[in-house]
1. Ignoring ligands, DNA and RNA, what accessible area per residue does the protein assembly as shown give at 1.4 Å, in Å²?
2. With the cut-off at 23 Å, tell me which of the pairs A:LYS69/B:LYS476; B:LYS408/B:LYS476; B:LYS84/B:LYS165; B:LYS81/B:LYS165; A:LYS67/B:LYS476; B:LYS84/B:LYS138 have Cα atoms farther apart than that.
3. Only counting protein heavy atoms at a 1.4 Å probe, give the residues of segment A:29-62, ordered by number, whose accessible area falls by 40 Å² or more when the other protein chains are present relative to the chain alone.
4. Output the 0 to 90 degree angle, nearest 10, between the alpha-carbon long axis of helix B:3-17 and the longest principal axis computed from the alpha carbons of chain B.
5. Return the carbon/sulfur percentage of the accessible area of the protein assembly as shown, one whole number, probe 1.4 Å, all protein chains in place.
6. So what's the angle, to the nearest 10 degrees on a 0 to 90 scale, between helix B:96-109 and the longest Cα principal axis of chain B?
7. What does the convex hull of the Cα atoms of the protein assembly as shown come to per residue, in Å³, rounded to a whole number?
8. For chain B, take the longest principal axis of its alpha carbons; what is the angle in degrees between that and the long axis of helix B:477-495, to the nearest 10 within 0 to 90?
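The values are calculated or read from the model by the stated rules, or taken from the named source; none is laboratory data. Source: prediction; values computed, not measured. We work out accessible area using only protein heavy atoms, side chains counted, and drop any ligands, DNA or RNA first. Shrake-Rupley method; radii C 1.70, N 1.55, O 1.52, S 1.80 Å.
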Amino acid sequence: MDVSISTQEGRAILRVAGRMDATTAPQFERECAALIESGERHLVAELSDLEYISSAGLRIFLATAKKLKPLEGEIRICGMSGLVREVFSLSGFISLFAIYPSLDEALAARP
Amino acid sequence: MTLHELARFLRSLRGALNRRTLSFRLIVLMLSTTGMIFIVAFAYNYVATSAIMLEDATINARHLAQSVIGRIAAHSDTIQKLTKSIAAQLGARQDLPWLYTTQRQLVENNNDIFGTCAAFEPFSADPGRRHFAPYHFKRDGSVSLKVLGGTGYDYFAMPWYAHPKETGQPGWTGPYYDEGGGNVLMATYSVPFYRTVNGAQRFAGVVTVDISIDWLSDYLNGIRLFESGYAFLIMRDGTFITHPDRRLVSRENMFTRIAQSGDPSLARIIKRMDVEPFGAAFGRDFHTGKRSLHYIHSLAATGWIIVIVVPEHELYGDLRALARTIVLIIIVGMLALFVAVLFVARSITRPVHSLSRVAGEIARGNLDIDVPHADLANEIGMLAESFRSMKLSLREYIANLRETTAAKERIESELAVGRTIQMSFIPAPPRPADRREEYEIAAAIEMAREVGGDLYDIVPLDEDRLFLLVGDVSGKGVPAALLMAVTRTLFRAFATSYRRPAALLERVNEELARENDSAMFVTAFCGVYNCATGELAYSNAGHNPPLFMGADGDIRPLAIPGGIALGADDGAAFGDAIIAMRPGERILVYTDGVTEALNERGEFFGEPGLIRALARAHSASAEETVARTIAAVREHAGGAPQSDDITLLCLRALRITTSADA
């Protein structure tokens, strides 16, 4: 799994590629935690290159969202496709997050 | 050297001479090579030197012979000339007074001349006498005359007379001792003389001169070659003229002696003297019995033969002494070489031995042992250096290994704890005694190495109702196992209190979502099966939809009402659904460990794979369905490790007693 971070329009964008499972999820967790630590409140996870996500990966999204909530921040998710979208929807997580088809839409959306 | 030291030395020597050791091979190789070189050089030297010495000895003998010949020739020349002169005059003169005067003067004036005789042919000097041979000779210091010949002394047949007469040549005869004289050794030179009778040369007699050859005997007997080499003279017929053993002289014949106890090759050389005036041969000396070099040379003027004898042991005596010394030097040198090679071999093998001892120690795990320092300039030093670095890397490796092993053990023990927790919260598989004729139920859980927090439960609620649960906790390991235990406990606690599965899920979610800082969650499918009506009421919390399998082989995912995983969102609501099952129909509830099982190429088993596997057994029992599914997953995975728990629960309706509508 690769995570690359950039900033655009005041939001930290995490582009995640590869597989996010029990082994690789902690890495994503550390990246998110580091961003929150450094003061970022508005994160966007761009998942168009993510091939697979396990429940361990879902947990990181949930944990990050839980951390950001009291800080009045949020994590938006965009670019989900195929299997990843299926996992989000099956687990019902799709209702927990702000989800956008593309990065542009995620950035453009009003809070 | 004490006895102890000696014993130690012998032990090390025995060690060095052990056939397999490097030392032994080194010693054998070095000693055999140098020994071979020594032997070849020594043998060549010995053979070449002995040939040179033999040649030198032969040359010496020839020089000696030639000097003897020169002496004898010089001596006999005068005698021969005087004799020939008398013979020549006697051919022309008849008068006896002249003859007598000449003879007397000859004897008187020459010390070496013992006597002289003129022997006439029968009736040639005096027609009245058959024998006539006036002989002047020394006796008691004066010269006497005696006329030889008569019936008692018929000289015509004697060699000194007959030989010149027959051959017409002068010649030597003898030697012999004078009769009644002072034991003087003599030889006689005879010259024939002729007179003209009726205009023709006629043999008229022989003039002889007897000479003492004592001087010759003394001279030859005084000759010494090497220690005991000697020389002697013989006549062509083998008669001894001189010999250190005087008893042989004039009495014995050399050929007879040779035939008795000598070397016949000498006789052959002497017989060939006309062709080859000298020769040499090794052979047994008839006189001393020792193997000797014989040098033989003919004295042409006299027809005598000089024989020079040198014992072989004296000829080669110096060489043999030299050879003994050289052999001694070689032996001492080889011993020194042996010691030197032993020293070198041990200086090589000692560090190797100690290295191999150290290697043995290292192999037994003693990594604190010191690797001996060797001279760094040579291969042994390099070997020692390699050993040292090997020891260090081994030590480092083992330290690392210990660390990682400890870490691994920690992980393993964590895994074991997680497993133990999970195992203790999984119900025993339904037993045959619990079977009911209305339905079949089967369940199995295949735990991954690191537990994935799968759970299932089957709880009879009353006579007809059966509670079913399959869940999957997010994450792995001990935290997942603990949450799994909590979840199952909550379900068990509340299962009987809620008639609607959705309400049960809401209740459990409420408990799990409260203060869920770790953001862990559980996907779950739960249902209540009424075996009387065949109705399965169910609800789903973010779990993958179970498969419905109709009796006709139709397989499809069960329609599920929406619902989020338990613990993720407090206050989440869940929906209820119901399906009326007919006999032979099955429901298979499973966790994502089934569909997300990977093969070695990283491909998921997937829902289509699962459906394909199940399609082959559309009338299977619940137990068979579970077993077949597990087998299919394993077949798909091949050698790939199982990364997540696999849980299966299959319900098969068999008989429905009450119509749902009724």
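1. For the protein assembly as shown, the per-residue accessible area is 50 Å².
2. The answer is A:LYS69/B:LYS476.
3. Output list: A:TYR52, A:SER55, A:ARG59, A:LEU62.
4. Roughly 80 degrees, rounded to the nearest 10.
5. Carbon and sulfur atoms account for 55 percent of the accessible area of the protein assembly as shown.
6. For B:96-109 against chain B, the angle is about 50 degrees.
7. Values: hull volume 320.2 nm³, N = 773.
It is 414 Å³ per residue.
8. 30 degrees
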